[in-house]
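Engineer: Provided herewith is a single structure, encoded as structure tokens, for subsequent inquiry.
The values are calculated or read from the model by the stated rules, or taken from the named source; none is laboratory data. Source: prediction; values computed, not measured. Note that we place each Cβ from the backbone using ideal geometry, even for glycine, and neighbour counts take in every protein chain shown. Ligands, DNA and RNA are stripped out before the accessible areas are found, and what is left, the full protein with its side chains, is counted by its heavy atoms. Shrake-Rupley method; radii C 1.70, N 1.55, O 1.52, S 1.80 Å.
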Amino acid sequence: MKIQNIDQGEATKVEMAGVAGCQVKQLISERDGAPLFAMRQFEVAPGGHTPHHHHPYEHEVYVIAGEGVILENETPRPIKAGDAILVEPDEIHQFRNTGDTPLKFLCLVPNAANNAQFPPECQD
């Protein structure tokens, strides 16, 4: 069993095309013995965003702080702390911080997707 407070651990800057002001903290991953899913915390700075992208797997998101929009294809949908979001496989999406404070959310994905997206040095 692993117990980790969300305030523990170091965040890593997300460096990929189409990203601005975004960092990720690996909370639970395959390295911790989780056989199927990874849990990450993303933090998007005011004015920042994730890439406008899609992938062949679903992911679940829970917004823990801040406010913004998630683009569903090109349609902005407002999000705020307390919202739970299902991003379906191959759905084009992007998270944007439209507020004045960091937008923080938990993201759960299959381990295979997490390992492909973030190399081992970003999974501590």
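Engineer: Would you pick out the residues in region 27-43 that are touching a residue at least 60 places away in the same chain (Cβ under 8 Å) and either among the hydrophobic types (A, V, I, L, M, F, W, C) or more than 16 Å from LEU86 (Cα to Cα) (or both)? Even if it seems obvious, please write down each step before you answer.
Structural biologist: Applying the first criterion (touching a residue at least 60 places away in the same chain (Cβ under 8 Å)) to region 27-43 yields 27, 29-31, 34-43.
Once the filter is applied, which keeps residues that are touching a residue at least 60 places away in the same chain (Cβ under 8 Å) and either among the hydrophobic types (A, V, I, L, M, F, W, C) or more than 16 Å from LEU86 (Cα to Cα) (or both), region 27-43 yields LEU27, SER29, GLU30, ARG31, ALA34, PRO35, LEU36, PHE37, ALA38, MET39, PHE42, GLU43.
Engineer: For the condition under 22 Å from ALA113 (Cβ atoms) and out of contact with any Gly (no Cβ under 7 Å at 6 or more places or on another chain), what is the one hit in PHE95, PHE37? Full working, then the answer.
Structural biologist: On the way: PHE95 fails: out of contact with any Gly (no Cβ under 7 Å at 6 or more places or on another chain).
One residue alone meets the criteria, PHE37.
Engineer: Select from region 14-49 the residues that are at pLDDT 95 or above and more than 18 Å from HIS59 (Cβ to Cβ) and write down the one among them that is surrounded by the fewest Cβ atoms within 10 Å (Cβ to Cβ).
Structural biologist: That would be GLY47.
Here is a yes/no grid of residues against (1) within 24 Å of ASP100 (Cα to Cα); (2) of a type in the set (Val, Ile, Thr):
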{"residue": "VAL14", "(1), (2)": "yes, yes"}
{"residue": "CYS22", "(1), (2)": "yes, no"}
{"residue": "GLU30", "(1), (2)": "no, no"}
{"residue": "MET39", "(1), (2)": "no, no"}
{"residue": "HIS49", "(1), (2)": "yes, no"}
{"residue": "HIS52", "(1), (2)": "yes, no"}
{"residue": "PRO56", "(1), (2)": "no, no"}
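Engineer: Continuing with the same structure: I need a count of the residues in region 83-105 that are open to solvent by less than 80 Å² (accessible area, probe 1.4 Å) and farther than 16 Å from GLU60 by Cβ. It would help to see each step written out before you state the result.
Structural biologist: Taking region 83-105 first, the residues open to solvent by less than 80 Å² (accessible area, probe 1.4 Å) are 83, 85, 87, 89, 91-95, 97, 99, 101-105.
Next, from what is left, pick out any that are farther than 16 Å from GLU60 by Cβ: 92, 94, 97, 99, 101-103.
The number of residues fulfilling the criteria is 7.
Engineer: Would you check which residues across region 56-71 are touching a helix residue (DSSP H, G or I) at 6+ places or on another chain (Cβ under 8 Å) and either open to solvent by 20 Å² or more (accessible area, probe 1.4 Å) or free of Cβ contacts under 8 Å to residues at least 24 places away in the same chain (or both) and list them?
Structural biologist: Let us first name the residues in region 56-71 that are touching a helix residue (DSSP H, G or I) at 6+ places or on another chain (Cβ under 8 Å), namely 57, 59.
The answer is TYR57, and nothing else.
Engineer: Separate question: If you take the residues of region 1-58 that are under 20 Å from GLN94 (Cβ atoms), of a type in the set (Val, Ile, Thr) and in a strand (DSSP E or B), which of them is nearest to the chain's Cα centre (by Cα)?
Structural biologist: VAL24
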